[in-house]
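For reference, the structure I am asking about is given below.
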Amino acid sequence: MANLFPRWTNELPLKAVVCVAALGGIVSGLVAYTATPKYTRVGYMPEQPIPFDHSLHAQQLGMDCRYCHSFVEQSSHSNLPADQVCWNCHGPGKVKPDSPKLQALREAMDESSEDYTGRPVAWVQIHETPDYAYFNHSAHVNRGVSCVECHGQVNEMKVVYHAKPLSMSFCLDCHRNSEKVLRPLDQITNLDWKAEDVDKDAFYAYLADKTGKGVEDLKKADSHKTFDRLLIGGHLKEAWNVHPPQDCTACHR
Amino acid sequence: MRWFILIVMLLGVMVLAGVGHRGQKFTSRPIEIFPDMDRQFKLKTQKPSEFFADGSGSRKPVAGTVPIGFAVAGDGGPAEFTFSHGPEYASTGMIGEYFGDGFPTEYPVDEALIERGRERFKINCSMCHGLSGNGVGIVSKYWTLPPTANLLDSRVQAFPDGQIFWTITHGKGLMGPYNGTIAVRDRWAIVSYVRALQKTAQP
């Protein structure tokens, strides 16, 4: 009986194991990298019917987010503006009424135009939670969470894109450590806000008013701490009694 | 083994080139890896709907009906006032055929109302009328004619309160209506703040 298996087959099982393990490692690494909203959603930058430039309107002109997203403080849904809102400035005889970029708006609004259809501008939604996750905008903006925490620096975007993953862990990170994101209520739509901009005296006066503690006591307790975001957020969290829910029913019904 | 490594490396380079990196811009709809119930067939705010013939998910009131919160005008037909509560002074700024003066009893002027007005004025009005109300907002750099109304001049000072409210609601000249974005209370708040601006302006 000759050798049925040549010599090289001695190493075959080991090689097979190594190859399969290597392939498995590579595939799982690839999945871990791509099968998350950090990869699938971040960077989504669809083409819009009107190339609306947020950096021009919100940054250069200094418009408030709420001029267009007018019901974000009342509604769970942050609304897109009605076409009338665009028309207020871009209607006949106003700012750039004939711009070719505004064709979709004229179709929706300009009854004298031959292209008039009356159909609203079909903006493409970029930030979209799954239909079983209920995010309430008003609950967040009225409790010191700025637009920028979830949407990124929209005021610097020429074309809006998905900047943050908005995954479940992204939500939970904040719900577990909300002091990281809270800021004074009048700065919600100021996307460039920094903790250094806060007027210390006014801030402590506000806290004292909210908590019933003395201004001097509050300042003294903080005298050895740096006046940064975390400190501001922590104080606001306490003053407003913020307890972000972490159970399933907070977002899923 | 050598072949295996070579093939894996080649494939790897191809896959990596295709996958790219996190955060790079793309225009196609994001893929949903487990799409279970992610997109449900239900009516969603400001979304189209295949259920209705015109494809719009936002529905207008059925003819002859009045949504909750909208009052019926005197003649029995649907109220013409949008985003309001009815035909009374607080929702129209008018008493009969004339502009009324003074604030409605529903929205008494206090510090909170003026403060609210300051905030709403900054959001909605300052682009054209300027932060101080002098008619020179940022928009004046982009359109030349005719100039935006100077809210501080004596012409506007002489307006009854109801007329300012009416103008915010329905617009005037080139100014569009703001009844769709500014709630009734906020419109009165803005009126109160405009009055405060006029009082503090240098003559």
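What spacing in nm lies between the two simple spin-label points modelled at B:T45 and A:M168, each 7 Å away from Cα in the Cβ direction?
2.3
Between the alpha-carbon centers of the range B:91-117 and the range B:121-152, tell me the distance in whole angstrom.
23
Please report the relative contact order for chain B, taking Cα pairs under 8 Å with a sequence separation of at least 6, and give it as a percent rounded to a whole number.
Across chain B, relative contact order equals 17 percent.
Please give the FRET efficiency for A:T129 paired with A:L14, using the beta carbon to beta carbon distance and R0 = 45 Å, rounded to the nearest 0.05. Could you put the intermediate results ahead of the total?
Values: r = 48 Å, r/R0 = 1.07.
In this case the efficiency is close to 0.40.
Which whole-number percent is the relative contact order of the range B:155-203 (Cα, under 8 Å, 6+ apart)?
Values: 22 pairs, mean separation 16.1, N = 49.
Worked out over the range B:155-203, it gives 33 percent.
I need the calculated FRET efficiency for the pair A:K210 and A:Y116, taking r as the beta carbon distance and R₀ as 35 Å, to the nearest 0.05. Display every interim value, and only then the final one.
Working: r = 52 Å, r/R0 = 1.50.
According to the calculation, E is roughly 0.10.
Quick one: grab Rg to one decimal and Dmax as a whole number for the range A:127-249, Cα atoms only, in Å.
Gyration radius and largest Cα-Cα distance of the range A:127-249: 15.8, 48 Å.
Separate question: Given 20 °C and 1.002 mPa s, compute D for chain B with the Stokes-Einstein relation, Rh being the Kirkwood radius over Cα pairs; round to the nearest whole µm²/s.
Translational diffusion coefficient: 99 µm²/s.
Would you mind getting me the FRET efficiency between B:L16 and A:T36? Use the beta-carbon distance for r and R0 = 22 Å, nearest 0.05. Please report the intermediate quantities before stating the final value.
Values: r = 17 Å, r/R0 = 0.77.
Efficiency computed from Cβ-Cβ geometry: 0.85.
Here's another thing I want to ask about it. Placing +1 at every Lys and Arg Cβ and -1 at every Asp and Glu Cβ, with all other atoms neutral, what dipole size does the protein assembly as shown have around its Cα centre, in debye to the nearest 20?
Working: 47 positive and 49 negative charges, 321 e Å.
Computed about the Cα centre, the dipole is about 1540 debye.
Taking GluC sites (Glu not before Pro) that fall in a DSSP loop and have at most 16 other Cβ atoms within 10 Å as cut points, what is the longest piece of chain B between them? Please report the intermediate quantities before stating the final value.
On the way: sites that count: B:E32, B:E50, B:E80, B:E88, B:E97, B:E106.
Counting at most 16 other Cβ atoms within 10 Å as exposed, the longest clean stretch of chain B is B:107-203.
I need to check one value: relative contact order of chain A, counting alpha carbon pairs closer than 8 Å and at least 6 residues apart, in percent.
Values: 269 pairs, mean separation 53.4, N = 253.
Rounded, it is 21 percent for chain A.
Same structure, new question: How far is the Cα center of the range B:50-64 from the Cα center of the range B:172-203, in Å?
33
What nm value, rounded to one decimal, do you get for the distance between A:R7 and B:A53 when each label is placed 7 Å out toward the C-beta?
8.6
Which residue fluctuates most in the GNM of chain B (Cα springs below 10 Å): B:Y193, B:Y107, B:Y142?
B:Y142
Work out which helices of chain A, taken as complete DSSP H runs, extend at least 27 Å along their axis over the Cα atoms and score a mean Kyte-Doolittle of 1.0 or more, then list them. Before the final figure, lay out the partial values.
Values: long enough: A:12-34 (33 Å, 1.78).
Length and hydropathy pass: A:12-34.
Same structure, new question: In the range B:89-201, with Lys and Arg counted as +1 and Asp and Glu as -1 at Cβ, which of these residues, B:T105, B:V156, B:G133, has the Cα nearest the positive end of the dipole, that is, farthest along it?
Towards the positive end, the residue furthest out is B:G133.
If you don't mind, there's one more thing I want to ask. Quick one: Cα centre-to-centre distance for the range A:188-215 and the range A:5-72, in angstrom?
38
If a/c stays under 1.5 just call it rounded; otherwise compare a/b with b/c (prolate if a/b is bigger, oblate if not). Do that for chain A, with a ≥ b ≥ c from the square roots of the Cα gyration tensor eigenvalues. Let's see the in-between values first.
Working: a/c = 2.85, a/b = 1.29, b/c = 2.21.
The shape class here is oblate.
Among A:C86, A:V148, A:F71, which residue has its Cα positioned farthest towards the positive end of the charge dipole of chain A, with +1 placed on the Cβ of Lys and Arg, -1 on the Cβ of Asp and Glu, and the dipole taken about the Cα centre?
A:V148
Something else now. Which of rounded, prolate or oblate describes the range B:146-203 when judged by the alpha-carbon gyration tensor and an a/c cut-off of 1.5?
Details: a/c = 2.14, a/b = 1.32, b/c = 1.63.
Oblate, since a/c reaches 1.5 and b/c is not below a/b.
Is there a pair in B:K47/B:K172; A:K210/B:K199; A:K101/A:K158; A:K101/B:K122; B:K172/B:K199 whose C-alpha atoms are over 20 Å apart, and which pairs would that be?
Values: B:K47/B:K172 32 Å; A:K210/B:K199 31 Å; A:K101/A:K158 14 Å; A:K101/B:K122 28 Å; B:K172/B:K199 23 Å.
Exceeds cut-off: B:K47/B:K172; A:K210/B:K199; A:K101/B:K122; B:K172/B:K199.
Checking understanding here: applying a Kyte-Doolittle mean of at least -1.0 and a length along the axis of at least 24 Å (C-alpha), which whole DSSP H helices in chain B pass?
On the way: long enough: B:2-19 (25 Å, 2.40); B:184-200 (25 Å, -0.21).
Helices meeting the criterion: B:2-19, B:184-200.
Only the coordinates and a few stated rules stand behind these numbers; no lab work does. Model, not experiment: these values are computed from the prediction. Note that each Cβ is placed from the backbone with ideal geometry, even for glycine, and that neighbours are counted across all protein chains shown.
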